[in-house]
Amino acid sequence: MGARRAGSAIEWPDLGFGAGLRAEHYDDVLSGATGAEWFEAITENYIDTHGRPLAVLEAVRRDHPLALHGVALSIGSTDPLDEGYLRGLASLVERLEPAIVSDHLCWRSFGGRHLHDLLPMPLTEESLDHVVERVDAVQTRLGRRILLENPSTYLAWRSSDIPEPEFLAELARRADCGLLLDVNNVYVSSVNLGFDPMAYLDAIPAERVGQIHLAGFSDLGGYLFDSHSRPVSEPVWALYADVLRRMGPRTTMVEWDAEIPEWPQLVAEIDRARAVADRVFAQPVPEYATVAL
């Protein structure tokens with residue numbers, strides 16, 4: 001069961017190393033393929049559906065811990081929270097009892113029109129107040145804490161006056177929610193916007209981080225794109241090691257959403273995450289030092 005809202009110390013579930021559950025791997029997972037200790041499902045693929053996808057998800061849930069990761073909550077939008085979506089999410093959470101429920105710090109709807117992208121928010125006091133109120137409403141509805149993921153960013157609002165990690169930290173404190181730290185997103189955004197990823201991590205409260213994402217990006221020349229279509233890059237592996245040294249062990253999963261490989265290649269990425277963690281925790285290392293992986 002996920003971390004409940006109790007106003008006290010937070011204990012996030014330690015699920016180990018997992019994979020995103022994708023249709024291309026349904027047969028592998030159902031046949032007992034090993035390599036992932038838990039699975040993360042895209043929430044919207046299983047809301048209000050009664051076909052094979054939900055049957056597969058229920059079968060996976062019987063044997064493995066599960067996380068639900070949404071892309072349509074639109075927590076930063078000025079549109080009202082979508083009551084139909086919240087009803088479907090609450091029903092799915094009740095049915096599956098996932099260990100973690102998460103979404104993104106972004107907006108994707110305006111004036112009742114839904115956009116198929118995770119758009120960046122202006123990081124201001126006004127927007128912080130707005131998102132805190134909406135997160136509280138969602139958590140009250142679900143009866144549990146949710147995690148919000150740091151975005152991959154390609155541009156910044158001129159009106160923003162709060163650095164993103166400080167915005168996330170204050171949001172987590174005031175809304176009493178958790179954070180999903182996407183290490184690839186930190187690196188992609190740091191290159192695109194020209195900030196220090198180490199300073200970003202310094203501002204993230206470790207006690208609020210309930211899960212870590214790893215993924216691969218595409219280098220499009222003038223910027224990096226969070227494509228989830230490649231193996232995890234060497235700079236991101238190094239940054240992941242730094243995260244573990246700073247925060248300790250964390251539930252970790254590998255996302256791969258385009259040009260999806262065969263199951264053994266995905267497992268190789270998960271195994272490398274395990275190896276990085278084993279190396280970090282095998283012996284004391286200098287604080288904030290970076291090791292070659």
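Remarks
- Charged side chains reduced to their Cβ positions (Lys and Arg at +1, Asp and Glu at -1) give segment 221-288 a dipole of some 340 debye around its Cα centre.
- Neighbour-count order for H25, H50, H104, fewest beta carbons within 10 angstrom listed first: H50, H25, H104
- Environment charge at G32 (Cβ cut-off 13 Å; Lys +1, Arg +1, Asp -1, Glu -1): -2
- Equivalent ellipsoid semi-axes - Cα gyration tensor, segment 42-195, angstrom: 27, 17, 15
- A straight chain from S218 to D161 at 0.36 nm per residue would run longer than the Cα-Cα distance by 17.6 nm.
- Label-point gap, in nm, between R141 and A23 - each point 7 angstrom along Cα→Cβ: 2.6 nm
- Pairwise centroid distance, computed over Cα atoms, of segment 205-267 with segment 71-93, Å: 26 Å
- Among 74-81, 207-214, 40-47, sorting by the average number of other beta carbon atoms lying within 10 angstrom of each residue, highest first, gives 207-214, 40-47, 74-81.
- For segment 17-282, alpha-carbon Rg over 2.2 N^0.38 Å: 0.97
- Projected label points at I260 and H50, each 7 Å from Cα along the beta carbon direction, are separated by 2.5 nanometres.
A short reminder: the numbers here are calculations on the coordinates, not readings from a lab. The structure presented is a predicted model; accordingly, all values stated were derived computationally and were not measured. Using ideal geometry, Cβ is built from the backbone for each residue, glycine included, and neighbour counts are taken over all protein chains shown.
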